[in-house]
Amino acid sequence: MTKKAEKSFTPTGFVYKSTTLPEATKKDHKKLGLTNDDVIALFREMFLQRRFEERAAQMYQKGKFGGFLHLYIGQEAISSATNFVLQDDDDIITAYRDHGFGLVRGISAKAGMAELFGKATGCSNGKGGSMHFFNADRHFWGGHGIVGAHIPVGAGLAFANKYLDNGRISISFFGDGAVDQGALHEAFNLAQLWKLPAIFVVENNGYSMGTAVERHTAAEIYKRALAYDMKYEIVNGMDLFSMIEKLQEVAKDVRDNSIPYFLEIRTYRYKGHSMSDPGNYRTKEELDEFKAIDPIERLKTYMLDKKVLKQDEIDSIMDEVNKEVLDAIDFAEESDFPAEEELYKHIFSGDELVIHDHK
Amino acid sequence: MPQLQFGEAIREAMQEEMRRDERVFLMGEEVAEYDGAYKVSQGMLEEFGPRRIIDTPISELGFSGIGVGAAMNGLVPIVEFMTFNFSLVGVDQILNNAAKIRYMSGGQVNMPIIFRGPNAAAGQLGATHSVAFESFFSYFPGLKVIYASEPFDAKGLLKSAIRDGNPIIFMESEQMYGLKGEVPEEEYLIPIGKGKIKREGDDVTLVAHGKMLHVAKQAAEQLAKDGIECEIIDPRTIKPFDIELVIESIKKTNRCVLVDESHPFGGVASEVGFLIQRDAFDYLDAPVQRVTLPDVPAPFARNLYDLWFPDAKQIVEAVKTVTYTN
């Protein structure tokens with residue numbers, strides 16, 4: 001007798017475990033080539049991302065600004081490791097959960113907060129908002145709101161690097177929801193066909209908005225690489241040193257050999273998809289399990305254990321970051337909104353205003 | 001002055017710009033080894049090599065997106081669609097990324113990219129291969145849309161487009177590639193957004209772009225035999241649209257027929273017709289008429305296709321309506 005076919009489509013009513021982390025690296029920072037100062041700087045930067053977003057959420061809830069707000073809290077080791085490992089002129093592009101990458105790529109807390117507030121002093125002059133942070137001078141290419149649509153663009157950044165033979169690589173981040181888009185497959189095919197120096201990174205945080213990985217995608221995500229003969233790795237995104245170790249290897253391979261590479265980074269976001277997320281698709285136990293391995297808290301413990309910093313020194317860094325973020329809020333509040341004529345600027349390059357039926 | 005075919009004029013524009021600027025490259029389906037699906041890029045692989053003349057898979061979303069990323073990162077891509085009908089599977093890259101990223105970044109990002117290829121109907125190709133997309137792309141802020149009708153215009157405008165530094169939709173036609181016209185040997189550029197009077201006349205203004213220019217010319221010849229002299233304006237660029245040139249002509253003729261290969265709802269004629277009634281109301285001696293496709297997909301059968309496609313007879317009828325000579 002043949003097995004009775006499953007009649008339903010996406011099953012409901014059962015909460016899935018979102019993701020399984022690979023083991024963290026055993027190497028300490030010195031083995032990875034990091035100085036104590038590197039570790040301290042990375043801690044500060046990760047904590048800045050965390051504090052920036054905690055305060056941004058408060059401001060959002062107070063009604064200080066509108067739009068969407070997608071928080072990166074829990075995933076900060078990924079952005080910091082990336083910026084640490086890559087060259088300053090390597091190209092980074094990401095999706096709408098973009099504040100962390102902006103902050104590590106030279107957007108100040110002030111310019112970031114002002115962008116959330118929609119102010120002229122924001123990193124995109126108040127025209128992009130939360131989902132569209134940009135810092136083109138530092139090779140941070142956004143901030144993109146259509147799921148998966150920036151993956152071919154990231155491949156295009158790498159195409160230009162290969163064409164210009166400038167030794168740079170690109171790295172494109174997207175969430176697990178994006179792996180179901182055709183854009184990923186077309187980008188993977190072209191990147192492998194043309195041997196583009198591009199790292200594609202899925203930040204698998206277990207949920208495509210509220211839909212668990214097992215409910216939204218048909219196979220293990222890293223296997224997307226197999227169809228294109230692309231190299232791949234699975235990385236523990238909750239651990240800074242694991243991220244650094246793997247990215248060092250991969251970035252070198254991609255740069256030296258001009259090849260694409262796919263990384264499935266397993267991670268977790270502690271907050272909802274956006275500010276309106278009820279979170280009832282996951283359990284408190286799962287959230288607690290991941291909070292227990294918070295990359296920032298563990299880095300603090302590590303620094304104490306390895307005597308990189310004393311507790312009072314950690315506290316003073318945190319105080320300094322707290323103040324930096326509070327100053328950023330003041331700056332954002334006090335900044336002006338864009339002037340009305342800004343509505344019509346930046347559509348095209350060039351001095352001429354080319355706007356249909358605009359007097 | 002030498003005669004060039006429309007397709008040759010486009011090739012010359014690309015060749016000259018690629019010789020001038022190392023950052024310019026061409027990619028698309030069959031542009032290299034096959035020498036171009038319509039032979040527009042014939043010989044370019046030989047001259048520029050596979051680094052700059054790049055065959056793509058049939059993957060419009062993928063290679064349009066790669067073009068966008070390459071433009072952001074310092075290159076000037078010319079992305080060829082075998083026809084704009086196929087751009088639809090990659091159109092998100094054009095509408096959301098090419099057209100908007102500069103604005104969303106507060107002007108930090110440059111987007112010098114050309115999307116070009118044949119547009120609109122080319123005979124009995126059925127409903128999915130016959131759509132005129134100029135009004136569709138013109139809807140979106142952040143794109144400039146060019147649809148040339150003659151070799152001279154095509155070359156000068158494409159060269160300007162490649163130098164413009166912005167996202168440009170550049171439209172051609174399979175049926176016009178063999179069309180001959182005079183093209184000077186010396187270099188020239190044609191400004192984007194400037195129309196041209198292609199025939200002078202005092203009785204009625206015809207506005208026609210792309211393939212429709214040639215249909216309008218036929219109609220004008222017939223009407224001349226009846227003593228009606230048409231002034232034909234070819235806008236050449238759909239967006240920005242040179243409405244001033246049209247209005248000036250209407251001030252002289254007081255009558256206007258818009259010829260547009262779009263469907264009627266929201267086509268180029270809709271917008272231009274609106275502007276004319278607002279800006280030239282007092283000069284009009286008759287309501288503006290338009291000749292467009294019907295609100296029907298392209299049929300295959302020859303007789304239905306001929307019924308569907310705008311022809312000189314319909315233009316003559318429309319002119320007779322606005323001149324009250326029916």
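The values are calculated or read from the model by the stated rules, or taken from the named source; none is laboratory data. Not measured: the values here are computed from a predicted model. All Cβ positions, even for glycine, are placed from backbone atoms using ideal geometry, and neighbour counts span all protein chains on display. Surface areas here come from the heavy atoms of the whole protein model, side chains and all, with no ligands, DNA or RNA. Shrake-Rupley method; radii C 1.70, N 1.55, O 1.52, S 1.80 Å.
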- Output the residues belonging to segment B:290-317 that are over 17 Å from B:GLY210 (Cβ atoms) and open to solvent by 60 Å² or more (accessible area, probe 1.4 Å). B:ASP295, B:VAL296, B:PRO297, B:PHE300, B:ARG302, B:ASN303, B:LEU304, B:ASP306, B:LEU307, B:LYS313, B:GLU317
- Message: Suppose we keep only residues that are under 23 Å from A:TYR60 (Cα atoms) and hydroxyl-bearing (Ser, Thr, Tyr) within segment A:80-121. Which one would you say is farthest from the other protein chains (Cβ to nearest Cβ)?
- Response: A:SER108
- Item | Filter result for the condition that a residue is open to solvent by less than 10 Å² (accessible area, probe 1.4 Å), more than 12 Å from chain A (Cβ to nearest Cβ) and in contact with a helix residue (DSSP H, G or I) (Cβ under 7 Å, 6 or more places away or on another chain), over B:GLY65, B:GLY36, B:GLY90, B:GLY117 | B:GLY117
- Search result, residues across segment B:188-202 that are open to solvent by 80 Å² or more (accessible area, probe 1.4 Å) and either without any contact (Cβ under 8 Å) to a residue 12 or more places away in the chain or touching a strand residue (DSSP E or B) at 6+ places or on another chain (Cβ under 9 Å) (or both): B:LYS194, B:GLU200, B:ASP202
- Note on the structure: Picking from A:LEU71, A:LEU42, the residue that is part of a loop (DSSP other than H, G, I, E, B), in contact with a Ser or Thr (Cβ under 9 Å, 6 or more places away or on another chain), open to solvent by less than 10 Å² (accessible area, probe 1.4 Å) and in contact (Cβ under 8 Å) with a residue 40 or more places away in the chain would be A:LEU71
- Query: Of all residues in segment B:251-270 being under 16 Å from the mean Cα position of the chain (by Cα) and part of a helix (DSSP H, G or I), which is farthest from B:ALA120 (Cα to Cα)?
  - Reply: B:ALA269
- Query: Can B:GLY273 be described as part of a helix (DSSP H, G or I) and under 19 Å from B:VAL145 (Cα atoms)?
  - Reply: yes
- On the given criteria, is B:GLU185 of a type in the set (D, E, K, R), open to solvent by 30 Å² or more (accessible area, probe 1.4 Å) and in a loop (DSSP other than H, G, I, E, B)? yes
- So, in segment A:131-174, of the ones that are among the small types (Gly, Ala, Ser), in a loop (DSSP other than H, G, I, E, B) and open to solvent by 10 Å² or more (accessible area, probe 1.4 Å), which residue ends up farthest from the other protein chains (Cβ to nearest Cβ)? A:GLY167
- Message: Can you tell me which residue is farthest from the other protein chains (Cβ to nearest Cβ) among those in segment B:152-182 that are part of a helix (DSSP H, G or I) and acidic (Asp, Glu)?
- Response: B:ASP153
- Note on the structure: Note: among A:SER258, A:SER335, A:SER349, just one is within 14 Å of chain B (Cβ to nearest Cβ), polar (S, T, N, Q) and under 30 Å from B:PHE274 (Cβ atoms), namely A:SER349
- Message: Can you report the number of residues in segment B:133-176 which are under 27 Å from B:TYR103 (Cα atoms) and either in contact (Cβ under 8 Å) with a residue 12 or more places away in the chain or open to solvent by less than 10 Å² (accessible area, probe 1.4 Å) (or both)?
- Response: 29
- Query: How many residues does segment A:182-197 hold that are more than 9 Å from chain B (Cβ to nearest Cβ), of a type outside the set (A, V, I, L, M, F, W, C) and over 18 Å from B:MET72 (Cα atoms)?
  - Reply: 2
- Message: Checking the conditions here, which among A:GLY175, A:GLY156, A:GLY167 is touching a Ser or Thr at 6+ places or on another chain (Cβ under 9 Å) and either among the aliphatic types (A, V, I, L, M) or over 27 Å from A:ALA218 (Cα atoms) (or both)?
- Response: A:GLY156
- Search result, residues across segment B:29-44 that are touching a residue at least 40 places away in the same chain (Cβ under 8 Å) and among the acidic types (Asp, Glu): B:GLU29, B:GLU30
